[in-house]
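Below: the structure, in structure tokens.
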Amino acid sequence: MDKSFRLFPEAASTAAPAVDRLYFFLLAVSSFFTLLICVAILYFAVKYRRSASFARSADYGSPWKLEVTWSLIPLALTMVMFFWGAVLYFRSHRAPPESAKVSVVGKQWMWKIQHAGGKQEINALHLPVGRPVQLTMISEDVIHSFYVPAFRLKQDVLPGSYTTLWFEPTKVGRFHLFCAEYCGTSHSDMIGEVVVMDPADYSEWLQGGPTESPVEAGRRLFEQFRCGNCHAAPVRPRCPPLDGLYGSQVALSGGEMVTADEAYLRESILNPQAKVVAGYQSVMPSYEGQIDEAGLFELIAYVKSLAPPEQSSDKKQSAPQ
Ligand code: HEC
Ligand SMILES: [Cu+2]
């Protein structure tokens with residue numbers, strides 16, 4: 001990569017310049033006050049040295065104006081930092097709806113990546129430039145953290161729950177990918193690269209290799225684990241149909257409502273007892289330990305692809321990603 005000395009990593013995502021501006025603002029404020037304090041220390045050390053003559057017993061009363069000033073200025077500055085940071089934080093957590101979806105499984109010590117079309121890679125993520133991407137990530141073991149300095153983004157990858165991260169690469173090139181959470185002996189080998197390509201090169205890259213889509217792989221798992229014995233509608237009326245489930249509101253036996261998102265689907269498969277659908281008995285077995293995280297992504301992709309019953313002839317269209 002670039003051998004020349006640089007203080008800053010390249011800025012290669014739409015988020016990067018905005019994060020840098022906030023960073024420079026923080027740096028400027030801290031430098032200004034650090035300097036101010038140093039200069040004041042030196043100045044007063046000389047001015048009030050032991051041999052200097054001045055009234056040492058002066059009583060200044062209560063200088064309330066001074067108190068108010070030095071409370072309000074820092075308050076204003078920290079509020080600017082807070083709201084500025086909060087705006088960037090929210091922006092970095094709300095992916096544009098048209099984002100390409102990529103799933104990421106972190107494990108000791110590698111990154112396993114699968115694209116929506118089915119293409120898989122390890123320790124590398126190929127992307128087209130200028131298109132937003134959303135990663136849905138989970139860990140197979142301990143906490144990892146997905147960190148791309150050139151994008152100014154970092155997100156912890158947790159065991160047992162999904163986290164997401166989105167970005168839009170703005171430059172063609174190869175960028176470092178690090179695990180930024182100490183995760184055991186070979187943590188330092190848990191590195192890779194994000195390869196941002198021209199859209200034409202990218203579609204060429206997509207061509208090669210096997211591509212069973214996650215939805216198809218998920219359908220295989222659905223058959224393999226005989227989910228259909230219960231969930232394929234006519235067989236057992238005591239089980240809820242899964243068509244159109246994704247994104248809908250589900251009433252639970254406890255009376256609450258939950259949105260059927262990826263996390264809910266994952267929990268329904270691994271720990272069906274945790275949230276039982278209203279009107280059903282909790283007879284579904286747990287699949288904990290039988291399906292790995294990559295398989296769960298596929299199974300969930302399949303459940304997501306099941307269109308609502310009314311328009312089930314249209315299945316293709318509601319396929320996710
Ligand atoms: C023995 C029958 C049975 C099998 C086998 C079974 N389920 Fe279920 N499933 C149920 C029942 C009953 C419920 C509703 C009660 C509950 O929420 O636990 C349910 C609930 C669910 C839900 C939540 C549905 C909703 O409306 O919110 C999902 C998702 C789900 N199952 C997926 C699967 C998948 C995927 C498999 C295969 C890996 C599977 N199930 C295997 C019986 C089964
Ligand atoms: Cu790690």
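Annotations
- Placing unit charges on the Cβ atoms only, positive for Lys and Arg and negative for Asp and Glu, gives region 91-242 a dipole magnitude near 560 debye about its Cα centre.
- Where the alpha-carbon atoms of region 96-250 are placed on the principal axes, they occupy 53, 39, 30 Å, in descending order.
- For His126, the amide hydrogen comes within under 5 Å of the amide hydrogens of Val195, counting only partners 5 or more places away or on other chains and with H modelled in the peptide plane.
- With respect to the chain, whose longest principal axis is taken over its alpha-carbon atoms, helix 64-93 is tilted by about 20°.
- Farthest positive-ward along region 1-102 dipole, Cα basis, beta-carbon charges - from Ser92, Phe54, Leu22: Phe54
- Toward the positive end of the charge dipole of the chain, with +1 on the Cβ of Lys and Arg and -1 on the Cβ of Asp and Glu, the farthest Cα among Thr163, Leu75, Pro241 is that of Leu75.
- Region 133-196: C-alpha gyration tensor shape, a/c 1.5 cut-off, then a/b vs b/c: oblate
- Shown in residue order for region 13-28 are the 3J(HN,Hα) couplings computed by the Karplus curve 6.51 cos²θ - 1.76 cosθ + 1.60 at θ = phi - 60°: 9, 5, 6, 4, x, 5, 5, 4, 4, 5, 4, 5, 4, 4, 5, 5 Hz (x for Gly and Pro).
- Our Cα-only numbers for region 214-318 put the radius of gyration and Dmax at 13.0, 35 Å.
- Axis of helix 293-305 versus longest Cα principal axis of the chain: the two differ by about 70°, to the nearest ten degrees.
- Helix-only CD estimate at 222 nm, as mean residue ellipticity for the chain, using -39500 (n - 2.57) per DSSP H run (n ≥ 4): -11000 deg cm²/dmol
- Scalar couplings 3J(HN,Hα) for region 143-149, obtained by applying the Karplus form with A = 6.51, B = -1.76, C = 1.60 to θ = phi - 60°, are 6, 10, 8, 8, 10, 10, x Hz; x denotes Gly and Pro.
- Using the Cβ of Gly118 as centre and a radius below 11 Å, the other residues enclosed give a net charge of -2, where K and R count +1 and D and E count -1.
- The listed peptides 157-164, 254-261, 47-54, ordered by packing as a protection proxy, come out as 157-164, 254-261, 47-54 (highest mean of other Cβ atoms within 10 Å first).
- Estimated dipole of the chain in Debye, rounded to 20 [Cβ of Lys and Arg +1, of Asp and Glu -1, Cα centre]: 1160
- Region 84-180: projected area of the alpha-carbon convex hull, averaged over directions, in nm²: 6.3
- Cysteines not pairable in the chain (beta carbon separation under 4.7 Å absent): Cys38, Cys179, Cys183, Cys227
- Three-way shape label, region 70-133, alpha-carbon gyration tensor, a/c 1.5: prolate
- Using all pairs of distinct alpha-carbon atoms, the Kirkwood hydrodynamic radius of the chain works out to 23.7 angstrom.
Bear in mind that the values in this text are calculations on the coordinates, not laboratory data. These numbers come from a predicted model, not from an experiment. When we count neighbours, we look across all protein chains shown, and the Cβ atoms used for this are built from the backbone with ideal geometry, even at glycine.
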